[in-house]
Amino acid sequence: MRQRTFLSGIWRHAAPRARQAQQGMTLIFALITMLALSMAAVALIRSVDTGAGILGNLSFKRDTLLAADTAMRTGVAWVAARSGNVELQTDQPGGYYASYFARFDPVGHSKDPQRTAVDWDGDNCAAAKANGVAIAACIVPSDVINLRGGALKARYVIERLCDKPGNMLTTAMICTKPMVTIVNSMVKGEISYQSAPPPGAPALQQFFRVTVRTQGARNSTSFTETIVHF
């Protein structure tokens, strides 16, 4: 709007007020806000992706553990079918050993040069020998057990918990076995300290250790150990 003033009897048009130059501060604040929002969005996306990856890995790990139970039952059934037979007194093909390994390293992470590793991958224990680490022995596990259409693979090693092969009744050996205690008492559940009960009699049952390695998706691997006796 133009203003007019009356000076000395003459109307004069006043010059328009100069506009103030814009400094651009609003644009700078807008850019900073957009940058902060973008960084927050990227952080949120990465957090969601990380959480989803962790949940997926835990799911795959659980699948291998469930499959390990099936493989363990296969090994236990193998021993149960031969319980009481002389076949269990010597090493057998398919991952059975009539004595335990004192320095057993199924995972392959030990640095002990006297350890016994397992040839899980059929490469002569290459993983256990990595970085020049020596091993004392490389034993062969069972054949591969395909589970869930081959999506999961498992192998096991069975050890009889004796210090040497042979018949535990006729050979001088040390075996882990349960003890049966016989207590004579007139009252059920009574424990008397006046007369010592007869010593326990060793049972003929034997303990076996079944070690299973299971592999699944995304290189997920689990190791389980089960001790049974027959």
Quick count over the stretch 99-127, residues being at pLDDT 90 or above and among the small types (Gly, Ala, Ser), is 4
Give the number of residues within the stretch 87-114 that are of a type outside the set (Gly, Ala, Ser), within 17 Å of Ile158 (Cα to Cα) and out of contact with any Ser or Thr (no Cβ under 7 Å at 6 or more places or on another chain).
-> 11
Among residues belonging to the stretch 152-173 that are of a type in the set (A, V, I, L, M, F, W, C) and out of contact with any Gly (no Cβ under 7 Å at 6 or more places or on another chain), point out the one that is nearest to Met72 (Cα to Cα).
-> Ala154
Restricting the search to the stretch 28-87, which residues are open to solvent by 80 Å² or more (accessible area, probe 1.4 Å), at pLDDT 90 or above and over 16 Å from Glu225 (Cα atoms)?
-> Val86
If you go through the stretch 208-220 one residue at a time, how many are among the polar types (S, T, N, Q) and loosely packed, with under 14 Cβ neighbours inside 10 Å?
-> 1
Where residues in the stretch 119-150 are touching a residue at least 40 places away in the same chain (Cβ under 8 Å) and not in a strand (DSSP E or B), which of them is most open to solvent (accessible area, probe 1.4 Å)?
-> Arg148
Filter the stretch 103-118 for residues that are without any contact (Cβ under 8 Å) to a residue 40 or more places away in the chain, part of a loop (DSSP other than H, G, I, E, B) and not polar (S, T, N, Q); which is farthest from Ser222 (Cα to Cα)?
-> Pro113
For the stretch 151-166, what are the residues that are of a type outside the set (A, V, I, L, M, F, W, C) and open to solvent by less than 50 Å² (accessible area, probe 1.4 Å)?
-> Arg155, Tyr156, Glu159, Arg160, Gly166
Does Asp163 meet the test of being of a type in the set (Asp, Glu) and within 19 Å of the chain's Cα centre (by Cα)?
-> no
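The values are calculated or read from the model by the stated rules, or taken from the named source; none is laboratory data. None of the values given here were measured: they were computed from a predicted structure. Cβ sites come from the backbone with ideal geometry, for glycine too, and all protein chains shown count toward neighbours. All accessible areas refer to the heavy atoms of the entire protein, side chains included, with ligands and DNA or RNA removed. Shrake-Rupley method; radii C 1.70, N 1.55, O 1.52, S 1.80 Å.
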